[in-house]
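Have a look at the structure below, then the notes.
The values are calculated or read from the model by the stated rules, or taken from the named source; none is laboratory data. Just so we're clear, the structure is a prediction, and the values are computed from it rather than from any experiment. Note: ideal-geometry Cβ built from the backbone for every residue, glycine included; neighbour counts use all protein chains shown. What goes into the accessible areas is simple: the full protein's heavy atoms, side chains included, and nothing from ligands, DNA or RNA. Shrake-Rupley method; radii C 1.70, N 1.55, O 1.52, S 1.80 Å.
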Amino acid sequence: MTDPKHWRSTHARIANGPVVPQQLIGGTPMIDLSEFSANPKVKIYGKCEYLNPSGSIKDRIAQEILARALETGELKAGMTVVAATSGNTGAAIAMACAIRGFPYIVITNQKTSKEKIDAMRAYGGEVIVAPSGVPADHPDHYQNIEATMCAKNPKFYGVNQYDNPYNADAYEKTLGPEIWSQTEGAVTHFVAGGSTGGTITGTGRYLKSVDPTIKIVLADPKGSVLWDYFVNDIPEEELVAKSWEVEGVGKDSIPGVLDTEYIDGAVMGDDSSSFRMVRTVAESSGVLLGGSSGLNLHAARVLSSHIKEGTIVTVLCDSGVKYLSKIYNDEWLQ
Ligand SMILES: Cc1ncc(COP(=O)(O)O)c(C=O)c1O
């Protein structure tokens, strides 16, 4: 039950011999989406995170979290991995468990698309679907279900992606360096939505360590509490979440992983700007993306109109295939 050491090879996709499945994680290509820039002097590049093997950016954290938990002995043979998730971490954990022979239980909520729920089950584990729209401190909130289950059973390893420091570490070690290298240091801005805050925190931490002038910008859907917390300085205990439909981004409470020290600004989006954006990208560029990529691209476009020049990099977190019954279904959209 050890992990191969060199799983982060950026050349795994074109290696001459066979690779182990972990080597398919990360090393994603970057595509030029500057046609969506509002300013000809600002480039917009998107990292194709939907090409990760379970279909999202979350393979990076599942790999890091399980590898580190095995190293430290927090996770041992005979244990079951338990994870609360808006869906993508669940599929990534399910895949990572299947590779290593661990049983898993993932807990999501009713907002999650059927495609994502089916994918979480497909790797052979259990999926619990909790209600959506319940307050963050309610016992039926999907995160609290994970905490309660793990407190009761010492044979459960709780991933706790919202507070697990290995989450942001994964991006600091992989996504940040990839962006720096693929832009040859030309990146001036990084834009990402936040749920756990792992992507923006870890990538921000790396990019600022190599060039402190790089600006890190949060994209947040209307209704999420991250905006009020970061932009309006509203104390955590006074935050009130509303509802939104874009999956995987925005939050109803402040996750422990999110470190706003690395964030310089924020752009708000909403369901309609996000969904319109991905439908346009699909039709005009042939790239089928999930809703959070639409939020990110919308925010990158708004940002491009506020800066004189630069190179904005954002993340295309998952594929539109995960939302065919929703974003790409005209009846659902209405
Ligand atoms: C589709 C999608 N986009 C973006 C994110 C946000 O990433 P993070 O949790 O690193 O803030 C998630 C997280 O679940 C996601 O599923």
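Within segment 116-130, being open to solvent by less than 50 Å² (accessible area, probe 1.4 Å) and within 16 Å of Glu247 (Cα to Cα) holds for Lys116, Ile117, Ala119, Met120, Ala130.
Conditions tested, residue by residue: (1) of a type in the set (D, E, K, R); (2) out of contact with any strand residue (DSSP E or B) (no Cβ under 8 Å at 6 or more places or on another chain); (3) in the same structural domain as Ser34 (by TED's automatic domain parsing); (4) touching a residue at least 24 places away in the same chain (Cβ under 8 Å).
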| position | (1), (2), (3), (4) |
| --- | --- |
| Pro154 | no, yes, no, no |
| Glu184 | yes, yes, yes, no |
| Gly194 | no, no, yes, yes |
| Thr203 | no, no, yes, yes |
| Ile214 | no, no, yes, yes |
| Ala219 | no, no, yes, yes |
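Yes or no, residue by residue, for (1) acidic (Asp, Glu); (2) within 16 Å of the ligand (Cβ to nearest atom); (3) outside any loop (DSSP other than H, G, I, E, B):
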site	(1), (2), (3)
Pro154	no, no, no
Tyr171	no, yes, yes
Thr196	no, yes, no
Lys208	no, no, yes
Ala241	no, yes, no
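Of all residues in segment 161-170, at least one satisfies being among the small types (Gly, Ala, Ser) and under 22 Å from Leu226 (Cα atoms). Kindly check whether there is at least one residue in segment 50-71 that is part of a strand (DSSP E or B) and within 12 Å of the ligand (Cβ to nearest atom). Yes, the conditions are met somewhere in segment 50-71.
Per the conditions (1) buried (at least 18 other Cβ atoms within 10 Å of the Cβ); (2) assigned by TED's automatic domain parsing to the domain that holds Gly269; (3) outside any loop (DSSP other than H, G, I, E, B), the sole criterion not satisfied by Ile145 is (2).
Could you say whether any residue in segment 266-273 is under 23 Å from Pro135 (Cα atoms), open to solvent by 10 Å² or more (accessible area, probe 1.4 Å), away from the ligand (no atom under 15 Å from the Cβ) and modelled with pLDDT of 95 or more? Yes - at least one qualifying residue is present in segment 266-273. Among the residues here, Ile307 qualifies as open to solvent by 10 Å² or more (accessible area, probe 1.4 Å), more than 16 Å from the ligand (Cβ to nearest atom), modelled with pLDDT of 95 or more and under 22 Å from Ala186 (Cβ atoms).
Residue-wise test of (1) under 26 Å from Gly269 (Cα atoms); (2) open to solvent by less than 10 Å² (accessible area, probe 1.4 Å); (3) among the polar types (S, T, N, Q).
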| position | (1), (2), (3) |
| --- | --- |
| Lys152 | no, no, no |
| Lys155 | no, no, no |
| Val191 | yes, yes, no |
| Gly204 | yes, yes, no |
| Leu226 | yes, yes, no |
| Tyr229 | yes, no, no |
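Restricted to segment 310-334, and to residues there that are open to solvent by 50 Å² or more (accessible area, probe 1.4 Å) and within 15 Å of the ligand (Cβ to nearest atom), the residue that is nearest to Ile214 (Cα to Cα) is Val321. Looking across segment 87-111 at every residue that is farther than 14 Å from Ser54 by Cα and within 13 Å of the ligand (Cβ to nearest atom), the one that is surrounded by the most Cβ atoms within 10 Å (Cβ to Cβ) is identified as Val106. Can you tell me which residue is nearest to Thr201 (Cα to Cα) among those in segment 260-305 that are without any contact (Cβ under 8 Å) to a residue 40 or more places away in the chain and either in contact with a Phe, Trp or Tyr (Cβ under 6 Å, 6 or more places away or on another chain) or among the small types (Gly, Ala, Ser) (or both)? The selected residue is Thr260.
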